[in-house]
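Working notes, structure below.
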Amino acid sequence: SSSYFTYPFFLLLLNLFLTGVCVSFVEYYLFTYLATSYEVTSSFLGSLVLVMVLFELPVFFFSKAIIDKLTIRGTFLASHLAYITRVWCYTLVPSDRMYLF
């Protein structure tokens, strides 16, 4: 039925789509940059994914408490701000200090 396709639902889908596109773009080019500029191995790139997942696990575990505290909108905002901060910090890392990644 058409009651499911409301304006807030459309905004949610648009948000998820745009976030997915931006995140995949950054991750793909980050790995390409690391592989070409620092000649890191695929094992190192895989370990980066492992570290990212390990840091996401507590967020998933406490997600109900986070959503209860921040609301859905606040949780989206906080996650977007955290990701923007993370990507901005990539620009601060000097090319001779790869270990800061």
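What follows is calculated from the coordinates using simple rules that are stated; it is not laboratory data. These numbers were taken from a predicted model, which means no experiment stands behind them. Every residue, glycine as well, gets a Cβ built from its backbone with ideal geometry; the counts of neighbours run over all protein chains shown.
A few comments on the model shown:
- The residues packed around R86, meaning those with a beta-carbon under 13 Å from its beta-carbon, carry a net charge of -2 if Lys and Arg are +1 and Asp and Glu are -1.
- Across all directions, the shadow cast by the convex hull of region 21-69 built on its C-alpha atoms averages 4.3 square nanometres.
- Magnitude of the charge dipole, the chain, Cβ model with Lys/Arg +1 and Asp/Glu -1, debye to 20: 320
- Equivalent ellipsoid semi-axes - Cα gyration tensor, the chain, angstrom: 32, 17, 13
- Helical segments meeting 27 Å axial Cα length and Kyte-Doolittle 1.6 threshold in the chain (DSSP H): 42-61
- Selection from L14, L70, V51 lying farthest towards where the dipole of the chain points positive, charges on Cβ: L70
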